[in-house]
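For reference, the structure is listed below as structure tokens.
The values are calculated or read from the model by the stated rules, or taken from the named source; none is laboratory data. Bear in mind the structure is a predicted one, so any value in this text is a computation, not a measurement. All Cβ positions, glycine included, derive from the backbone under ideal geometry; neighbour counts span all protein chains shown. Accessible surface areas use protein heavy atoms only, side chains included; no ligands, DNA or RNA. Shrake-Rupley method; radii C 1.70, N 1.55, O 1.52, S 1.80 Å.
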Amino acid sequence: MFPVRLLELMNSYCSHNVSATRSRLRNIANVSNGGKMAISIDPETGLKIFDTRASKSSEKIRGHGYEVNPNLALKTLPETSSSATFDAVEQKKYREFKEQRRGAADYMTMEGEFSKYLEDHYSEPPVEREALTDECEILVIGAGFAGLLLWYRLKQAGFNDVRFCEKGGDVGGTWYWNRYPGIACDVESYSYFPLLEEMEYFPTMKFASGFEILEYCQTMATKFGFYDKCLFHTTVETTEWDEQSARWTVRTDRGDAMKSRYVILANGILTTPKLARINGMETFKGESFHTSRWRYDVDLEGKTVGIIGTGATAVQAIPELAKVAGDLYVFQRTPSSIDVRDQRETANEEIEAWKEEPGWARARRKRFARISAGRSAIQANDDYLAGRVDDFKERKEHSEKLSPEELVQKQLDSNFRIMEQIRARVDAIVEDPQTAEALKPYYPYGCKRPTFHDEYLPTFNLPHVHLVDTAPMGVTSINERGVVHGDEEFPLDVLIYATGFQWMATSTFNMVAGRGGQTMKDKWENEGTKTFLGIHSNGFPNLFIMTGPQGGGGSFNFTDAIETHADYIVWMLSHMRDEGHQIVDINEEAELTYAEHCKQADIATAPLRDCLSYYNGHGDAEPGSLAYYGGGNWHKYRVRAQETLEPYAFDSA
């Protein structure tokens, strides 16, 4: 605990009585954890230095991602007719596939007896420290890619009084929490990793393992001094605006009540795990866990294992589970589209070439951002991204300019042909006809999150791997012995939930209370989601949201969005510092105009997403309320705002 005298000294320090207290504080730590000082004071700046990074809980927590598969037959899609079109017959099949599943997506938060699925098994218990009630200039929530990149940009711009709160025990964000066997990034690592030139680092694989990405985050944090700025194992519970002081008060589960002039939400878009609501799930007597809290202390060798869910996580984990489980039961409600991965190691020749090309990663990411087709982006053509060819595909010439409706139909036809190839791939690989039929997806390509793997489909040819088709409504129930579907019981030793995350859920914003005490969640539920650029929301001054609802500026590469948003936020803070502004809010008219633009962009492209997925709130989301579908128009809104400053309401009070 803090000595009372030290608290007095620290409060004095925060009140800028630097000269009177510096010498006394230099050698004082507020908490000692076996010689570790959780909080100390930098004698040069007077700012607090944190040392709250938790130790790794077990050396068993290790793994790898996609391996290189030499089998060319598994890395090639079957050919399909170029004349295949998304006609009325096929559209009817897709509609039936969708409507059969309507209402099946019944998820619940992990509260009460299910809160055990949120426990952090990766780190030692939190480093002890005293609650903080001081003030900083900028407080950022989140220590993933967004938080790390933001700190680098803020530091470059001369902002040093910055503090981060992170609920995990270390940096990494999604790569901290998701450490399941087989985890890897679906975007090529040479474009996905931020700050590669600054770090002088070259990813080892084209599609890097999540474990490599986590280590990269930790190395970034060390090199750029991030650990000194971050309070780990600290979950923000409320963020409240005080009009009189023009400050946010940020309260945490560690008893903190910190004040900050600016608050930045950088905690991601898939941050809160969710569970499918299944009758009897609390009665299961075996081991169970969620994939985002993988239990490496649970021995799976030779065990009968069940996994519920076949989305992006499960597609990566199932081939690895099959290597250790005695029997593996895969419970599938809706199949994913399983495209070719074609993993490869980074070649020495590439590394040597990059060493001679200043800015190589930024140039590659810029080329990546120009790719307008999702599948082309994820396939990541090396010739185009390396600049050896001018375009990522051959362009067709049209005698007349196509209308927006014609462009959508053209894309639907193209997506249909891709899905035909993906379905044909299932037939070519999976030996059992009944299993193969159950693994075929019938919805527009990209409507649900596309997946890529060269070992997933062959896994179902193994004698100890069993696909349990629970379409269209999911498993019936769970009892103390295992999973029940229909009249059949599947006894299990271990049950794994691969049931995903809340997507841009407004519950994330329930903790934020702006002017008049209104929470952001209440505002959006009552008035509809309304932001400007996805970064500001009227009534929530000095608050910035990174990669939230309506947040554009990115591409199929998430790093594009966080770079764009970080640069914008640093521009805004620098502008306010230079002009002497203390407060920024957004004008209501600008917010309404932008929100309507988001709605219309969503409606115009809705046929491309005509299925039930988390992208559209499983069919319940209002148009324009979640992801941004306006493409490059986001930059037009941003540039005009920065040039005219018309959308902003500045105040120097």
Criterion: open to solvent by 30 Å² or more (accessible area, probe 1.4 Å), more than 24 Å from the chain's Cα centre (by Cα) and closer than 29 Å to residue 562 by Cβ - qualifying residue of 161, 87, 120, 134: 161
Residue check: is residue 463 in a loop (DSSP other than H, G, I, E, B), buried (at least 21 other Cβ atoms within 10 Å of the Cβ) and not hydrophobic (A, V, I, L, M, F, W, C)? no
If we ask which residues in the stretch 633-653 are of a type in the set (A, V, I, L, M) and at pLDDT below 95, their number turns out to be 1
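Residue 456: surrounded by 21 or more Cβ atoms within 10 Å (Cβ to Cβ), closer than 28 Å to residue 279 by Cβ, in contact (Cβ under 8 Å) with a residue 60 or more places away in the chain and among the aromatic types (Phe, Trp, Tyr), yes or no?
no
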For the stretch 419-433, indicate whether the set of residues that are among the hydrophobic types (A, V, I, L, M, F, W, C), part of a loop (DSSP other than H, G, I, E, B) and over 23 Å from residue 76 (Cβ atoms) is non-empty. no
Residue list for the stretch 37-84, filter: open to solvent by less than 40 Å² (accessible area, probe 1.4 Å), in contact (Cβ under 8 Å) with a residue 40 or more places away in the chain, touching a strand residue (DSSP E or B) at 6+ places or on another chain (Cβ under 8 Å) and not in a loop (DSSP other than H, G, I, E, B): 39, 48, 50
Are any of the residues in the stretch 168-176 among the polar types (S, T, N, Q), open to solvent by 10 Å² or more (accessible area, probe 1.4 Å), more than 24 Å from residue 371 (Cβ to Cβ) and touching a residue at least 24 places away in the same chain (Cβ under 8 Å)? no
Can you find a residue in the stretch 378-395 that is open to solvent by 90 Å² or more (accessible area, probe 1.4 Å), modelled with pLDDT of 70 or more and over 23 Å from residue 607 (Cα atoms)? yes
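Let's see how each residue does on (1) in a helix (DSSP H, G or I); (2) open to solvent by 40 Å² or more (accessible area, probe 1.4 Å); (3) in contact with a Phe, Trp or Tyr (Cβ under 8 Å, 6 or more places away or on another chain); (4) farther than 26 Å from residue 412 by Cα:
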| position | (1), (2), (3), (4) |
| --- | --- |
| 592 | yes, yes, no, yes |
| 596 | yes, yes, no, no |
| 603 | yes, yes, no, no |
| 625 | no, no, yes, no |
| 630 | no, no, no, no |
| 637 | yes, yes, yes, yes |
Looking at the stretch 346-361, which of its residues are open to solvent by 60 Å² or more (accessible area, probe 1.4 Å) and outside any helix (DSSP H, G or I)? 356, 357, 358
Are there any pairs, at least 6 apart or on different chains, whose C-beta atoms fall under 8 Å, with the first in the stretch 212-229 and free of Cβ contacts under 8 Å to residues at least 24 places away in the same chain and the second surrounded by fewer than 19 Cβ atoms within 10 Å (Cβ to Cβ) and part of a helix (DSSP H, G or I), and if so, which? 216/199; 219/199
With at pLDDT 95 or above and assigned to a loop (DSSP other than H, G, I, E, B) as the only criterion, which of 334, 313 stands out? 334
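Yes/no matrix, rows are residues, columns are (1) of a type in the set (A, V, I, L, M, F, W, C); (2) at pLDDT 95 or above; (3) within 20 Å of residue 231 (Cβ to Cβ):
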| site | (1), (2), (3) |
| --- | --- |
| 11 | no, no, yes |
| 25 | yes, no, yes |
| 32 | no, no, yes |
| 37 | yes, no, yes |
| 46 | no, yes, yes |
| 58 | no, no, no |
| 62 | no, no, no |
Could you please let me know if residue 476 is in contact with a His (Cβ under 8 Å, 6 or more places away or on another chain) and open to solvent by less than 20 Å² (accessible area, probe 1.4 Å)? no
Go through 283, 272, 304 for me and flag whichever is modelled with pLDDT under 95, of a type in the set (S, T, N, Q) and farther than 17 Å from residue 182 by Cβ. 272
